[in-house]
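The values are calculated or read from the model by the stated rules, or taken from the named source; none is laboratory data. Here the structure is a predicted model, which is why all the values come from computation and not from measurement. As a convention, Cβ positions derive from the backbone with ideal geometry for all residues, glycine included, and neighbour counts pool all protein chains shown. Areas reflect the complete protein model, heavy atoms only, side chains present, ligands, DNA and RNA absent. Shrake-Rupley method; radii C 1.70, N 1.55, O 1.52, S 1.80 Å.
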Amino acid sequence: TDQGNTQALETAQRLSDTIKSEAAFSSAARRYSRAPSAGRGGRLDWIPLSTLPPQLAGQILALQPGEVTAPITLAQTVGLFQ
């Protein structure tokens, strides 16, 4: 629903603005994520950069250690990456 999408974007933006540590990211992933990686605190195995959508790859490359991306919308999902 549009309301669900708006709420997801608002939550993702709030988390992006407030997460300042790996522990905080991990906690948020466990609480909010619907991805299979949620139980691992959002931790993913290494993925070749060339397999990521361009808008995601560009934001990840721009991150400094510990930084979190702005919310990224891919299809019907909203994601954050650290």
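Selection within segment 43-59: residues that are open to solvent by 60 Å² or more (accessible area, probe 1.4 Å) and aliphatic (A, V, I, L, M). The member of this set that is nearest to Ser33 (Cα to Cα) is Leu44. Is it fair to say Gln64 is in contact (Cβ under 8 Å) with a residue 60 or more places away in the chain, in a loop (DSSP other than H, G, I, E, B) and open to solvent by 60 Å² or more (accessible area, probe 1.4 Å)? So Gln64 fails the test.
Among the residues of this structure, Ser26 counts as one that is closer than 15 Å to Gly79 by Cα and not hydrophobic (A, V, I, L, M, F, W, C). Checked against (1) at pLDDT 90 or above; (2) within 13 Å of the chain's Cα centre (by Cα); (3) on the phi < 0 side of the Ramachandran plot, Asp45 passes all but a single condition, namely (2). Consider segment 30-77 and keep the residues that are touching a strand residue (DSSP E or B) at 6+ places or on another chain (Cβ under 7 Å) and of a type in the set (A, V, I, L, M, F, W, C). The one that is nearest to Ser16 (Cα to Cα) is Ile72. For segment 9-50, a residue qualifies if it is in a helix (DSSP H, G or I) and out of contact with any helix residue (DSSP H, G or I) (no Cβ under 9 Å at 6 or more places or on another chain), and the qualifying residues are Leu9, Glu10, Gln13, Arg14, Ser16, Asp17, Glu22, Ala23, Ser27, Pro36.
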